[in-house]
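Since every read-out is calculated from the coordinates, none of them should be taken as a lab result. Computed from a predicted structure; not experimentally measured. Ideal geometry is used to build each Cβ from the backbone, glycine not excepted, and the neighbour counts take in all protein chains shown.
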Amino acid sequence: MSSKDVVTAAATFAAGLFCNLVGLTDIWGTPQLGALRGAPMWWHTALLAAGCLVMVGKRRHPIVAVTAGAALTAADLAFGGSIGMVLVLFDLIFSVGLHASARARTAVTTTVFVLIGTISVVGGLAAGEIRIGAFLALQLTTLLFVPLWWAANIRQQRQIGLLDAERTAREAVLAERAAMARDLHDVIAAHLTTTAIHSGAALARPPDTDRDRATLGEVRTSSLAALEEMRSMIMVLRADDPALADPTLPGGLDRLPDLVTSAAGDLRITTRLHEVPGISAAVSHAVHRIVREALTNAGKHAPGSDVHLEVQPLGDTVTVTVTNTLTRPPADDHAALSAGTGLISLRERSALLGGSLTAGPEGDHFRVRAELPLRTPA
C-alpha cells in the first residue's frame with residue numbers, strides 16, 4: 001500500500017462526495033441504465049467509498065482493482081450513475097495502463113475497444129440515430145481509452161528518461177577514462193621523460209664517474225617522484241570516494257620553484273612568479289601541470305634553449321606563459337618521448353576548468369599560454 005495511493009483515494013472520495021452533494025448523480029438518462037433511479041443518495045456514496053477502498057490496492061493488483069471498480073461502476077449505473085464513480089473508474093483504468101504487465105495492458109485495451117464498439121453500435125441501433133452511437137463512442141473513449149493512452153505516454157517518457165540516464169552514465173565513464181588518461185600522462189609521463197633524457201645524455205657523453213653518479217641521482221629522484229604520484233593515483237582508484245583524494249593534488253603554485261629547479265635538460269630558465277590570491281586548488285594544480293608539460297617539451301625538443309616562465313593574475317583569471325627559443329632537436333629524440341598527447345591533454349584540462357590554452361611557434365620561439373579562471377566553474 002502506497003501512501004500516495006491512500007491520499008489519491010481520499011481526495012477522490014472527497015471530490016466524489018462533493019459531486020453527490022451538489023446533485024451530480026443520475027447522469028445517465030437511458031432507462032435501462034437507471035432501473036433503480038430515485039434511490040437514496042447514500043447508495044451512490046456507499047459505492048463511491050467501496051471504489052475508493054479498491055483504489056488503495058491498485059498499484060499491487062491493478063487488474064483485480066479495475067475488475068472490482070468496473071463491477072461497482074455497473075452497480076452505480078443501476079442507480080442512474082454518478083460523477084464520483086466515473087472518477088474512480090478513470091483512475092483504476094489509468095493504473096492498469098501504468099502498473100500492469102504488458103499482457104494485462106493488451107487484454108484491458110482490447111476489452112475497452114470491444115466495449116466502446118459494441119455499446120456505440122447497440123446504442124445507436126436502439127435509438128435509431130447514428131448520432132447517438134457517435135455520442136456514446138466519444139463519451140466511452142474519454143472514460144475508457146484516454147486513461148490508457150495517458151498512462152502509455154507516461155511510460156514512454158519514463159523509458160526515454162532511463163535511456164537518457166544510461167547514455168549519461170556511458171558518457172560519464174568515457175569522460176572518466178579521458179580524465180584518467182590525462183592524469184596518467186600529466187603525472188607519469190613528465191617524470192619518465194626526464195629520466196629518459198638524463199640517461200640518454202649520460203650515455204651520449206664519455207664516461208665520467210662524478211657526472212654519471214650525479215645523473216643517476218637525478219634519474220633516481222625522478223623515478224621516485226613518478227612512483228609516489230602513481231601510488232597516489234592507485235589510492236584514488238581504490239578509494240570509495242575519488243573526490244576525497246585527487247592524484248593531481250600534490251602539484252600547486254607553491255611547488256613551481258622546485259619544478260623549475262628539477263627541469264629536464266640544460267635549459268636556462270628565467271621566471272616571474274607572482275602571487276595569485278584567491279586561486280582554487282584545482283586551478284593551482286592545473287597551472288602546475290601546464291608548466292611541467294611546457295618545460296618537459298622544451299627539454300625534449302629544444303635542449304639548451306632559453307626559457308621564460310611567467311605566472312601572473314589578471315582580473316578574475318590567471319595567465320601562464322612559457323616561452324622557449326627554438327633549437328635543433330637532439331639526435332636521440334626517440335618516438336616514445338613524443339606521444340603527441342601532452343598539449344591535447346592540457347587543452348582539455350584547461351577547457352574543463354573554463355579556460356583556454358594556445359601553443360605554437362612564434363618566430364624563433366615556441367610559446368605555451370594558458371588563461372584560467374581563478375575559481376572553477378560550478
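Modelled spin labels at ASP254 and LEU174, positioned 7 Å past Cα toward Cβ, are 3.9 nm from each other. Once the C-beta distance of LEU203 and ASP306 is scaled by a Förster radius of 22 Å, the resulting FRET efficiency is 0.30 to the nearest 0.05. Note on GLU371 and ALA10: the extension gain reaches 123.9 nm, defined as 0.36 nm multiplied by sequence separation minus the Cα-Cα distance.
Model label sites at VAL114 and ARG328, defined 7 Å from Cα along the beta-carbon direction, differ in position by 9.4 nm. Work from the charge dipole of the stretch 98-168 (Cβ charges, +1 for Lys and Arg, -1 for Asp and Glu, about the Cα centre) and give the residue of ALA165, GLY117, HIS99 farthest towards its positive end. So the residue we want is ALA165.
Compute the signed sum of charges (Lys and Arg +1, Asp and Glu -1) over the other residues within less than 11 Å, Cβ to Cβ, of ALA65.
Details: positive: LYS58, ARG59, ARG60; negative: ASP5, ASP91.
Computed value for this residue: +1.
Here r is the Cβ-Cβ distance between GLU348 and TRP149 and R0 is 45 Å; the resulting FRET efficiency, rounded to 0.05, is 0.45. Spin-label pair ALA127-SER2: with each label point 7 Å from Cα along the Cα-Cβ axis, the two points sit 3.7 nm from one another.
Couplings 3J(HN,Hα) for the stretch 69-80, derived from phi with the Karplus relation 6.51 cos²θ - 1.76 cosθ + 1.60 (θ = phi - 60°), are x, 5, 5, 5, 5, 4, 5, 5, 5, 5, 9, x Hz, where x marks Gly and Pro. Students often get this wrong: which residues of the stretch 68-96 have the backbone nitrogen under 11 Å from the point 7 angstrom along Cα-to-C-beta of LEU21? Answer for this model: none.
For the peptides 17-26, 270-279, 59-68, residues were scored by their other Cβ atoms within 10 Å and the scores averaged per peptide; the highest-first order is 59-68, 17-26, 270-279.
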